[in-house]
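The values are calculated or read from the model by the stated rules, or taken from the named source; none is laboratory data. Remember, predicted model here, so these are calculated numbers, not experimental data. Note that we place each Cβ from the backbone using ideal geometry, even for glycine, and neighbour counts take in every protein chain shown.
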Amino acid sequence: MLSKKVLFLLLAIVFLFVGSTPVFAGDNKNFVCLAILKVKPGNEKLAKEEMLKLIPLTRREPGCIQYDMHVNVGTEPNDYMKENPRLYMFYEVWRSREDWDLHLNMPFLKRWFEMTKTVCEGVDITLWEMLKLPSNPVFRGVNPDPKEQYTLMARVHIKPKGDCVKYKIPDCVDRSWKEMLSLVPLTHLERGCINYEMHVNLDMNTMGRNQREIMFYENWYDYKVWKYEHMTANYLKAWFGMAPDVTTGIELTGWKLIDFTQTPTR
């Protein structure tokens, strides 16, 4: 039998190894990748064709839960249908960080990343954890036209520690998180909401949470219910009224989900 000293030493080595190994988001977390690509002028047609090729190949990967491509549109009544052919966004949900790492090593994706050096001005990739909350949207409306579906992304930047002067608290994180968490179940009750998900930013290397960067990914049955019902709801107006005190800014961008239908295999 091992002596107590040897056993203690072995246990210490195990704990040291576990403590030094990065903890990745696995099956107990909703791991999300957000990729935004800006296309160089003159490469719009080629870039879109190549990006569309990624969808069926990626969706066949075992670890892929969701992989949706969007084109940028405006957020105002005069431009919400106007597509910007130079700006695209991929919203990806994966079973785990490990599955996403495998995805990055796929030959078709490596080929695309090599091509982006020529056809894109920039590729911005960020990682997120979708928060698990005890509510879901309930459809309360007429049968929607899929062509009218509207996507909105909101990026919230929370003030640095020590800057939450108005509320006389050490950090704005706690107050802003409580307010934003309360938005989710209330929004899920709105008749035009398809989904409304809150995310916290993850460090690319350690997968640790960056609680000062929050992202909302929203899908609505049409633009009008988002603009004229959701954005005028009293609870949301209250949040936007508070936001200048606890955030350095909120970025709202509009998107159109690209309706991709894979051709059945004969």
Checklist entry - Restricting attention to segment 127-161, which residues are farther than 30 Å from K45 by Cα, in contact with an Asp or Glu (Cβ under 6 Å, 6 or more places away or on another chain) and either among the small types (G, A, S) or part of a strand (DSSP E or B) (or both)? => result M130
Next on the checklist: For segment 186-197, which positions are at pLDDT 95 or above and either among the polar types (S, T, N, Q) or assigned to a strand (DSSP E or B) (or both)?
Outcome noted: T187, Y196, E197
Checklist entry - Quick one: R212 ticks every box in (1) at pLDDT 95 or above; (2) of a type in the set (D, E, K, R); (3) out of contact with any helix residue (DSSP H, G or I) (no Cβ under 7 Å at 6 or more places or on another chain) bar one, so which box is it? => result (3)
Item to check | Neighbours by Cβ (under 8 Å, 6+ apart or cross-chain): first from segment 238-254, closer than 27 Å to V71 by Cα and at pLDDT 95 or above; second part of a strand (DSSP E or B) and among the hydroxyl-bearing types (S, T, Y) | outcome: G254/Y150; G254/T151
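A quick yes/no check of all residues on (1) at pLDDT below 95; (2) in a loop (DSSP other than H, G, I, E, B); (3) surrounded by 13 or more Cβ atoms within 10 Å (Cβ to Cβ):
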{"site": "K166", "(1), (2), (3)": "yes, yes, no"}
{"site": "R175", "(1), (2), (3)": "yes, no, yes"}
{"site": "H199", "(1), (2), (3)": "no, no, yes"}
{"site": "Y228", "(1), (2), (3)": "no, no, no"}
{"site": "L236", "(1), (2), (3)": "no, no, yes"}
Item to check | Residue list for segment 178-207, filter: of a type outside the set (A, V, I, L, M), within 29 Å of E98 (Cβ to Cβ) and in contact with a strand residue (DSSP E or B) (Cβ under 7 Å, 6 or more places away or on another chain) | outcome: N195, Y196, E197, H199, N201, D203
Checklist entry - Within segment 223-236, is there a residue that is under 30 Å from R97 (Cα atoms), touching a strand residue (DSSP E or B) at 6+ places or on another chain (Cβ under 8 Å) and touching a residue at least 60 places away in the same chain (Cβ under 8 Å)? => result no
Checklist entry - Is it the case that some residue within segment 151-163 is at pLDDT 95 or above, assigned by TED's automatic domain parsing to the domain that holds E190, over 20 Å from N210 (Cβ atoms) and crowded, with 18+ Cβ neighbours inside 10 Å? => result yes
Next on the checklist: Quick check on segment 201-222: of everything there that is part of a strand (DSSP E or B) and among the acidic types (D, E), which residue is nearest to A154 (Cα to Cα)?
Outcome noted: E218
Checklist entry - Inside segment 97-126, can you point out the residues that are within 14 Å of A47 (Cα to Cα) and in a strand (DSSP E or B)? => result C120, E121, G122, V123
Checklist entry - Taking segment 151-185, which residues are without any contact (Cβ under 8 Å) to a residue 60 or more places away in the chain and within 15 Å of Y217 (Cα to Cα)? => result M180, L181, L183, V184, P185
Next on the checklist: So if I check each of K117, K132, which one is of a type in the set (K, R), over 15 Å from the mean Cα position of the chain (by Cα) and more than 18 Å from M89 (Cβ to Cβ)?
Outcome noted: K117
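A quick yes/no check of all residues on (1) touching a helix residue (DSSP H, G or I) at 6+ places or on another chain (Cβ under 7 Å); (2) of a type in the set (D, E, K, R); (3) over 24 Å from F216 (Cβ atoms):
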site: L34; (1), (2), (3): no, no, no
site: P41; (1), (2), (3): no, no, yes
site: E50; (1), (2), (3): yes, yes, yes
site: L57; (1), (2), (3): yes, no, yes
site: E61; (1), (2), (3): yes, yes, yes
site: V71; (1), (2), (3): no, no, no
site: E76; (1), (2), (3): no, yes, no
site: Y80; (1), (2), (3): yes, no, no
site: P85; (1), (2), (3): yes, no, yes
